[in-house]
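Scroll down for the structure; my scribbles are underneath it.
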Amino acid sequence: MTPPWAQDVVRRTTHALEDAADPDRAPLMSAYMRDRFPFLGIGTPLRRSVLRQAWDGLPVPSPAEVGVAAGALWQLPCREYQYAACDLLGVHLGTARRARRYPPRFLTEVVRPLVVEKAWWDTVDSLRSVAVGPLVEAHRELVTTMRAWSRSQERWLVRSALIHQLGYRGRTDEALLLDLCAEHAGDREFFVAKAVGWALRTYARTAPDVVRRFCAEHPELSPLARREALKHL
């Protein structure tokens with residue numbers, strides 16, 4: 001049975017987004033995503049504004065309630081509902097401090113299905129910042145899950161593992177980052193190669209010499225990943 005809190009969130013969310021829908025803009029947004037998903041036609045600033053108002057006054061939920069609500073939103077047809085699920089996770093989970101309230105299994109039981117269902121770069125990258133990254137930082141035992149995702153045949157799990165430390169800055173686990181990038185250095189799949197380069201480019205702000213050395217020591221690094229990694233060096 002769906003918890004009342006989750007039912008209320010889904011009801012408030014659908015009402016708010018339906019009221020804000022722009023049918024003229026929707027086809028343009030869908031085309032930008034290669035017509036993979038239908039859209040209501042709501043831009044990010046407006047979506048976040050109407051959801052903030054819609055969710056105002058809700059009591060603090062349990063992790064289980066957040067998970068059920070996010071999963072229910074994910075199943076709704078238009079892309080803004082998946083974005084709303086990411087927004088919901090960002091509000092209640094999106095930092096390592098808040099993520100400590102969530103059990104480690106939240107990553108595999110709740111977040112993983114969201115990474116691989118209706119998957120494209122927009123939701124995968126959003127889930128990194130609001131759920132995957134905070135949970136792994138809060139529960140270091142989940143590093144083993146990141147290594148497992150990196151070995152997956154599912155490209156979106158691989159991408160998620162590669163970029164999960166993007167917001168860590170000086171807290172980055174350098175050995176883990178370099179291990180995962182080395183594992184996929186020669187991968188030519190666009191979204192994986194781009195993730196390798198993105199992870200290295202971001203870490204170059206903290207340790208530029210480490211990134212230069214990594215690129216020099218890995219001649220198999222794909223041209224896309226190398227170009228991204230060295231973009232600002």
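Read-outs throughout are calculated quantities, based only on the coordinates presented, and are distinct from any laboratory measurement. Just so it is clear, the structure is predicted and the values come from calculations on it, not from any experiment. Positions of Cβ are generated from backbone atoms using ideal geometry, with glycine treated the same way; all protein chains shown enter the neighbour counts.
Checking S126, S150, S160 one by one, the residue that is hydroxyl-bearing (S, T, Y), under 27 Å from P208 (Cβ atoms) and within 10 Å of the chain's Cα centre (by Cα) is S160 and no other. Here A161 passes the criteria (1) in contact with a Phe, Trp or Tyr (Cβ under 7 Å, 6 or more places away or on another chain); (2) within 16 Å of T206 (Cβ to Cβ); (3) not aromatic (F, W, Y) except the one numbered (2). In the stretch 40-84, what count of residues is obtained for those that are farther than 19 Å from L114 by Cα, touching a residue at least 40 places away in the same chain (Cβ under 8 Å) and hydrophobic (A, V, I, L, M, F, W, C)? Number of matching residues: 4. When the stretch 92-108 is limited to residues that are closer than 30 Å to G57 by Cβ and more than 15 Å from the chain's Cα centre (by Cα), the one that is surrounded by the fewest Cβ atoms within 10 Å (Cβ to Cβ) turns out to be R97.
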